[in-house]
Each structure stands twice: as C-alpha cells, then as structure tokens.
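Structure first, commentary second.
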Amino acid sequence: FKAPSTDHPALYRDLLRTNRVHWIAEEPPAELVRDKMMECHFRFRHQMALVPCVLTLNQDGSVWVTLVKPARAITPGQFAVFYKGDECLGSGKILRIGPSVYTMQQGKNREEGLKKEEIDKIEPAT
C-alpha cells in the first residue's frame, strides 16, 4: 500500500501490541501488575517526541499500547520503548498494529451510511 501523501490517515494508528516486554527496573512495574493498565509515554523511533499512552498487560507479558493520539508509520519489527517521566521502563518489539485512522474513518462512514438507510426504511421521507 502506498499512501497518497506522507500525512495520509492510512499511515496513522493508535493501537499496537508488543511481544514480551523487557522491563529494566521492575519486572513488570507494580502499578501495571496491580491495575492491569498504566499510563506512560512511548516512542518507537530514536529522537521522536514521546507519545502519551496506556499500557494493558497481557498474561504472556506482552502489552497492548493505546496511544492518546495516533502516531505515524508504526511498523511491526520496530521496538516500542516506554518511559515514565525521564525513566526508561523497558521495551518490546512491535508484533501487531491496530487498524489505521483511515480504516476506522471508512468503517465509521459505512456505519453512518447504514444508519441513514435503516432510518429511511423506518420513516419514509416526506
């Protein structure tokens, strides 16, 4: 797939899954174990700005990462690195990525289209 522009919504995603995370100080952080989720920041490219996210711990030690706002060009095989303040918590290889913003918009547009058709069936236009 080649997006028509570098800012096309097909390049943006807000969900990814890593393999088992390698935690540095605590394996895994107590807050993540206790609450099964934890707010932190992440990046997947050196020098990129940190992105706020929520980690959800899976039983196999992998995490789902839900981004506060979609990030561009997340790719399986890259490493997601997690931070709390200045502290690097650990990292995991990105295994899966969620649907793109473009795909989500298409789905929403389809649903809205269906709703309109369903409403038209129920209430004939006058």
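The values are calculated or read from the model by the stated rules, or taken from the named source; none is laboratory data. This structure is a prediction, so every number in the text was calculated from the model and none was measured. Note: ideal-geometry Cβ built from the backbone for every residue, glycine included; neighbour counts use all protein chains shown. Calculation scope for accessible area: heavy atoms of the full protein, side chains included, ligands and nucleic acids excluded. Shrake-Rupley method; radii C 1.70, N 1.55, O 1.52, S 1.80 Å.
Tallying residues that are surrounded by fewer than 16 Cβ atoms within 10 Å (Cβ to Cβ) and either in contact (Cβ under 8 Å) with a residue 24 or more places away in the chain or not small (Gly, Ala, Ser) (or both) within region 32-55 yields 13. In the set (1) more than 20 Å from Ala25 (Cβ to Cβ); (2) within 14 Å of the chain's Cα centre (by Cα); (3) at pLDDT 95 or above, the condition left unmet by Gly77 is number (2). Restricting attention to region 1-30, the residues being among the charged types (D, E, K, R), farther than 21 Å from Gly107 by Cα and either in contact with a Gly (Cβ under 6 Å, 6 or more places away or on another chain) or at pLDDT below 95 (or both) number 3.
The residue pairs whose first member lies in region 60-83 and is on the phi > 0 side of the Ramachandran plot, whose second member is open to solvent by 30 Å² or more (accessible area, probe 1.4 Å) and of a type in the set (D, E, K, R), and whose beta carbons are closer than 7 Å, counting only pairs six or more residues apart or on different chains, are Gly61/Arg20; Gly77/Lys93.
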